[in-house]
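One structure below.
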Amino acid sequence: MSITDDKIQQLRRENRRRHPVDFTRPVLVAEQYYDFIRTILIEDTVSIMLPVDFVDMPIEMAKLKYLMENRPQIIKTSTDTAVNFTFIFSDEPFYENDISGEVKGARTFIKQMQPSIRFYNEKVEKSENITFGWFDLISPGMDTRLYTIIGYASINNKKLQCSFNCDYRLMNDWNPVAVKAFLSIIDESLKKKKSN
């Protein structure tokens, strides 16, 4: 990184500290503004704030990009498919007090399988709506290194596994936005129970 790049990164960090992510107005990420909207992921179960122009990834593209058998059930992607939010909802019992252990276990498993992966943060955070545990890493991708956030929440006492990925060069721009999006998750089943 050149001195100019370092200075730009420092200015971006300072700007983020002074102006935290606020989804009520357009959010600047890597020289592009995004409008966010509450998006229903699973009817009457879970919603999240996501960029308005993110769409469901076409299944053909998902099969190429996510080769694993356990492909995410929901993949919301940018129009160029370079930035992705993914979600896997499980029927297995999973409670708020399971989140920290799941984060530690998943991180340990990945580290054992691929020791060269570089890990950064590991946190459990609470918002007014949800407790979300997450960690982030950089791993090799098909054509570039990928920055990935992997996280967990309990929705109606079931496990919601979330992930976010983008080119590693955009990690500092996207990290606070993606984490804020995950912290915006709402367990819609609780609203339904309260209204009954």
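Each reported figure results from applying straightforward, stated rules to the coordinates on display, with no laboratory input. Note that the structure is predicted; figures quoted are calculated from it, not measured. Here the Cβ positions follow ideal geometry from the backbone for every residue, glycine too, while neighbour counts run over all protein chains shown.
Magnitude of the charge dipole for the chain, about its Cα centre and with charges confined to Cβ atoms of Lys, Arg (+1) and Asp, Glu (-1), is about 480 debye.
For the chain, the longest principal axis of the C-alpha atoms and the axis of helix 171-183 are separated by about 10°. Under the simplified labelling scheme, the Val124-Glu69 pair shows an inter-label distance of 3.1 nm, with each label point 7 Å from Cα along Cα→Cβ.
Over the residues of the chain, the helix contribution to mean residue ellipticity at 222 nm works out to -9500 deg cm²/dmol, using -39500 (n - 2.57) for each DSSP H run of at least 4. When the inverse distances between all different Cα atoms of the range 91-196 are averaged and flipped, the Kirkwood radius reads 14.6 angstrom. Mark the label point 7 Å from the Cα of Met113 along Cα→Cβ and return the residues of the range 62-85 whose backbone N is within less than 13 Å of it. In the range 62-85, the label zone of Met113 (backbone N under 13 Å from the point 7 Å along Cα→Cβ) covers 67-72. Checking the Cα-Cα distances for Lys104/Lys126; Lys63/Lys158; Lys123/Lys180; Lys63/Lys180 against a 20 Å cut-off, the pairs over it are Lys63/Lys158; Lys63/Lys180. Note that the chain, at 20 °C in a medium of 1.002 mPa s, gets a Stokes-Einstein diffusion coefficient of 122 µm²/s from its Kirkwood radius over C-alpha pairs.
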